[in-house]
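Novice: Take a look at this one; I'll ask things after.
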2 protein chains.
Amino acid sequence: MNEFDIINKYFSKLNNNKSSLNLNDDVFFDKSNKLVLSVDTYVEKIHFLNFKKPDLVIRKIIRSSISDIVCKGVNPKFIFICASGNKKHFSKKNLKKIYNSIKKEQSTYKILVGGGDTVKSKNLTFSITSLGYSNKIVFRNKSNVNDDIYVTGNIGDSYVGLCLLKNKLKINKNISNYFVNSYYTPDIQFKLIKKLSSFASSSIDISDGLFADLDKLINNQNHSYKISLRNIPISNFLMKLIAIKKLKKIDFISKGDDYQILFTAPKSKEKVISNYSVKNKIRITKIGKILKGKDRSIILDDSRRQIFLKNKGYFHNF
Amino acid sequence: MNEFDIINKYFSKLNNNKSSLNLNDDVFFDKSNKLVLSVDTYVEKIHFLNFKKPDLVIRKIIRSSISDIVCKGVNPKFIFICASGNKKHFSKKNLKKIYNSIKKEQSTYKILVGGGDTVKSKNLTFSITSLGYSNKIVFRNKSNVNDDIYVTGNIGDSYVGLCLLKNKLKINKNISNYFVNSYYTPDIQFKLIKKLSSFASSSIDISDGLFADLDKLINNQNHSYKISLRNIPISNFLMKLIAIKKLKKIDFISKGDDYQILFTAPKSKEKVISNYSVKNKIRITKIGKILKGKDRSIILDDSRRQIFLKNKGYFHNF
């Protein structure tokens, strides 16, 4: 049973979809009180490799948390950090680093830490609550047949960073830093917040993997998707790496931790989106479209042959 | 360094007390958006003994979480549960029990689960976010000199329950059940929400221990307190237990997990409070008063001699 089965089977019945709540979305939205909220838990060795760089881990999990709010077209305003760990995790040296990281992220994303909780535990775990205020959000599961599918930024850099940190790949120091930074401090598409709801019919952030999150985006709908692998945007660094090391693009673009925004929009918005992208220097790439009918999703390779994926992303299998 | 030192030293500077936030309070209050929010983390072996009774553990941590909101005179409305654990913790059998417990608590306290997160981890940890909407709260650290100090309900039953679960005490089954229930399902003073702000000058819930929480209640003020041990309300069961086993009351009334409300009120409200208590059948007991000056707190025993406590309650020492 994975976490989604658990939530679907046992917990989605708990709130009866009252007052615009929807446990199938990644955020909680209470329209009458204009509250948008997200909760996430991060465990050492699962969501981050280790705590050798507490400053970077904190930045990563804060960005990952506010990304849930940002991808709904809402400004995150407050975050709350619950930390459980031992005295090594929370040494004075580490606390100073954590404090400075939080300060940096507060200033970059104009958020404030509203509170938190610190408890003693053998294992290191963070739970972050992020919230913002808005009378509307871009939902999941609201795309229409023939909507285009878009993704912001580049995909896959974060995963290369993880491979480097795990010594599964070796490359020269400078380029290595680029990828490791992408892993720890992904660029959240903060600028897009203002505009997203004016063109997107549905949205999600890419945390578990492009295809895993695409499946969630159309979950509970009678929809599938068609994606062309060659359209999926990757950085010049990753393009070069793939060429030099004779790797396969498909092995890098659905591993998660990208924190880019995946969204759908009607054909009629294509021009608006492309103009916006150019004007604001935000890479926004059309990667496919929504099809009618369930379980008919197609991923095409460079030669337009269909690819079948063994694993679409990261799941918490219990 | 304990958790309060950590928060004070490193994190209280993060939000500069903007927009009515106060990291020294147990809740976050954003007055302009009428939001009252609390986050808490619960770790197995620290906040609860074990997970042999998942149904009761869940009820305990939900009550403990909403207690933070209730003691501020605010109705809790939504909770969010982040759970990390392994497949034994989240077996189908346990999930059913957890689901049923949540349903019960939802109905008892008129709250809804708005979302959550489940992740895989060796250790069992829950983080709960509780929230309600209100344009005012009863703050901490707002008592005045000569204010009376009150406590709701009975103190100490929960700790006896914990001692029984740990086999540190042995008594007959029926009375044992009473105490164990007090440990797992403490009575939250839900009824008092409506009235609390009309008489209380400051309030806190008792989670870490009566005296530890009293210290927090007057933290950052130039105040002390005088408490008479004989006035601290205990149940008839605990009174009997103390008599039969020749125990000391002082050893039971500052151990925490009571989730009763500790509050201060001006002398002028004494009659109102006592009438309210009688009319609504909510035990509210005056246990002492606020004194002028720092570090002059006095606890008097039955013979009105001063007692000095070695340990005022539970702290997370790192």
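Novice: Name the one entry in B:K166, B:K136, B:K72 that is within 30 Å of B:Y225 (Cα to Cα), away from chain A (no Cβ under 14 Å) and either surrounded by fewer than 19 Cβ atoms within 10 Å (Cβ to Cβ) or modelled with pLDDT of 95 or more (or both).
Specialist: B:K136
Novice: Would you mind finding the one in A:N123, A:N100 that is surrounded by fewer than 24 Cβ atoms within 10 Å (Cβ to Cβ) and assigned to a loop (DSSP other than H, G, I, E, B)?
Specialist: Every option except A:N123 fails the conditions.
Novice: What's the number of the condition A:S130 fails, among (1) part of a helix (DSSP H, G or I); (2) crowded, with 22+ Cβ neighbours inside 10 Å; (3) more than 10 Å from every other protein chain (Cβ to nearest Cβ)?
Specialist: So the condition that A:S130 fails would be (1).
Novice: Go through the residues of the stretch A:258-272 one by one and say whether even a single one is surrounded by 22 or more Cβ atoms within 10 Å (Cβ to Cβ), assigned to a loop (DSSP other than H, G, I, E, B) and among the charged types (D, E, K, R).
Specialist: yes
Novice: Residue check, A:S176 against (1) surrounded by 22 or more Cβ atoms within 10 Å (Cβ to Cβ); (2) at pLDDT 95 or above; (3) farther than 24 Å from A:K194 by Cβ, all met but one. Which one?
Specialist: Every condition holds for A:S176 apart from (1).
Novice: Do you know which residues across the stretch A:75-94 are in contact with a helix residue (DSSP H, G or I) (Cβ under 7 Å, 6 or more places away or on another chain) and crowded, with 21+ Cβ neighbours inside 10 Å?
Specialist: A:P76, A:I79, A:F90
Conditions tested, residue by residue: (1) more than 19 Å from the chain's Cα centre (by Cα); (2) closer than 29 Å to B:E44 by Cα; (3) modelled with pLDDT of 95 or more.
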| site | (1), (2), (3) |
| --- | --- |
| B:L214 | no, yes, yes |
| B:Q221 | yes, no, no |
| B:G256 | no, yes, no |
| B:L262 | no, yes, yes |
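Novice: Return yes when A:G153 is away from every other protein chain (no Cβ under 14 Å), crowded, with 21+ Cβ neighbours inside 10 Å and in contact (Cβ under 8 Å) with a residue 24 or more places away in the chain and no when it is not.
Specialist: Spelling it out, A:G153 is indeed away from every other protein chain (no Cβ under 14 Å), crowded, with 21+ Cβ neighbours inside 10 Å and in contact (Cβ under 8 Å) with a residue 24 or more places away in the chain.
Novice: Considering only residues that are more than 23 Å from B:K34 (Cα to Cα) and at the interface with chain B (Cβ under 8 Å from one of its Cβ atoms), look in the stretch A:17-41 and name the one that is modelled with the lowest pLDDT.
Specialist: Here the residue is A:L23.
Novice: Return the only residue of A:K93, A:K120 being in contact with a strand residue (DSSP E or B) (Cβ under 9 Å, 6 or more places away or on another chain), over 30 Å from A:K289 (Cβ atoms), within 13 Å of chain B (Cβ to nearest Cβ) and modelled with pLDDT under 95.
Specialist: A:K120
Novice: Could you tell me which residue of the stretch B:99-117 is farthest from A:L131 (Cα to Cα), considering only residues that are facing chain A (nearest Cβ under 7 Å) and β-branched (V, I, T)?
Specialist: It comes out as B:I102.
Novice: Let me spell it out: the conditions are (1) within 30 Å of A:F90 (Cα to Cα); (2) crowded, with 16+ Cβ neighbours inside 10 Å, and B:K226 meets all of them except one. Which number is the exception?
Specialist: So B:K226 meets the others, but not (1).
Novice: Among the residues of the stretch B:42-61, which ones are more than 8 Å from chain A (Cβ to nearest Cβ) and of a type in the set (V, I, T)?
Specialist: B:V57, B:I58, B:I61
Novice: For the stretch B:286-306, check the following and say yes or no: at least one residue is within 30 Å of B:K168 (Cβ to Cβ) and at pLDDT 95 or above.
Specialist: Scanning the stretch B:286-306 turns up at least one residue that is within 30 Å of B:K168 (Cβ to Cβ) and at pLDDT 95 or above.
Novice: Oh, and also: Go through the residues of the stretch A:75-82 one by one and say whether even a single one is away from chain B (no Cβ under 12 Å), part of a loop (DSSP other than H, G, I, E, B) and modelled with pLDDT of 90 or more.
Specialist: yes
Novice: Residue check: is A:Y159 touching a residue at least 60 places away in the same chain (Cβ under 8 Å), out of contact with any strand residue (DSSP E or B) (no Cβ under 9 Å at 6 or more places or on another chain) and either more than 10 Å from chain B (Cβ to nearest Cβ) or hydroxyl-bearing (S, T, Y) (or both)?
Specialist: Taking the combined requirement at face value, the residue satisfies it.
Novice: Yes or no: A:K245 touching a residue at least 40 places away in the same chain (Cβ under 8 Å), among the charged types (D, E, K, R), surrounded by fewer than 20 Cβ atoms within 10 Å (Cβ to Cβ) and under 30 Å from A:I46 (Cα atoms)?
Specialist: When the stated conditions are applied, A:K245 passes them.
Novice: Just to be sure, is A:D215 touching a Gly at 6+ places or on another chain (Cβ under 9 Å), surrounded by fewer than 23 Cβ atoms within 10 Å (Cβ to Cβ), in a helix (DSSP H, G or I) and acidic (D, E)?
Specialist: In short, yes.
The values are calculated or read from the model by the stated rules, or taken from the named source; none is laboratory data. Keep in mind that what you see is a predicted model, and the values were worked out from it rather than measured. Backbone-built Cβ (ideal geometry, glycine too); neighbour counts: all protein chains shown.
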